[in-house]
Amino acid sequence: DVALFVSVDDTGPEIVYTLLADNLGPDPATNVQVTSFSPPAGLTFGAYSASQGSYDDNSGIWQIGSLASGLQATLVVSATIEPGHEGETFVINDITISADDVDLEPLNNQRNATAGSTNRVNLPVIIK
């Protein structure tokens, strides 16, 4: 059973997405990949770090490979807000994990990610 967990940190100057691929077992998972993780309009994905495999923001695919039972892989991606999109909400729907093996619990294979950017509006400071 592979499962996907997604968290979003939108409290800083960048939006940081963390994806956790988890093999809950009982067997090893082969050809594990996460799909549909592409930046929505108004965001540009920047640096990423994958504990296993490789990520392509053009295709939205994180190729993980094999994942032993009980092990996890993590992908962390930072995103910047494009000019003119400050204050918007950014949604990535249907981020999906899959493997070549039988999945005992498919309900934990798909997630959405929502980030808001309302805390990043630059306001002028007027000193009197």
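Would you check which residues across the stretch 1-12 are more than 14 Å from T96 (Cβ to Cβ) and in contact with a strand residue (DSSP E or B) (Cβ under 8 Å, 6 or more places away or on another chain) and list them?
D1, S7, V8, D9, D10
Could you please let me know if A50 is under 13 Å from V2 (Cβ atoms) and at pLDDT 95 or above?
No; evaluated as a whole, the condition is false for this residue.
Could you identify the single residue in D27, D22, D57, D10 that is crowded, with 18+ Cβ neighbours inside 10 Å, at pLDDT below 95 and of a type in the set (D, E, K, R)? Can you show your working first?
Working: D27 fails: crowded, with 18+ Cβ neighbours inside 10 Å; D22 fails: at pLDDT below 95; D57 fails: crowded, with 18+ Cβ neighbours inside 10 Å.
Every option except D10 fails the conditions.
Cβ contacts < 7 Å: first residue part of a loop (DSSP other than H, G, I, E, B), restricted to the stretch 88-109; second residue at pLDDT 95 or above and small (G, A, S), any location; separation 6+ or different chain. Result?
From the stretch 88-109, the pairs are A99/A29; D101/A29; N109/A3; N109/S98.
Criterion first (of a type in the set (S, T, Y), assigned to a loop (DSSP other than H, G, I, E, B), surrounded by 14 or more Cβ atoms within 10 Å (Cβ to Cβ) and at negative phi) does S69 satisfy it?
So S69 does not fit the description; no.
Can you tell me which residue within the stretch 34-54, out of those that are closer than 26 Å to G84 by Cβ and aliphatic (A, V, I, L, M), is surrounded by the most Cβ atoms within 10 Å (Cβ to Cβ)?
L43
The values are calculated or read from the model by the stated rules, or taken from the named source; none is laboratory data. Quick caveat: nothing in here was measured; it's all calculated off a predicted structure. No Cβ is skipped: glycine too gets one built from the backbone with ideal geometry, and neighbour counts run over all protein chains shown.
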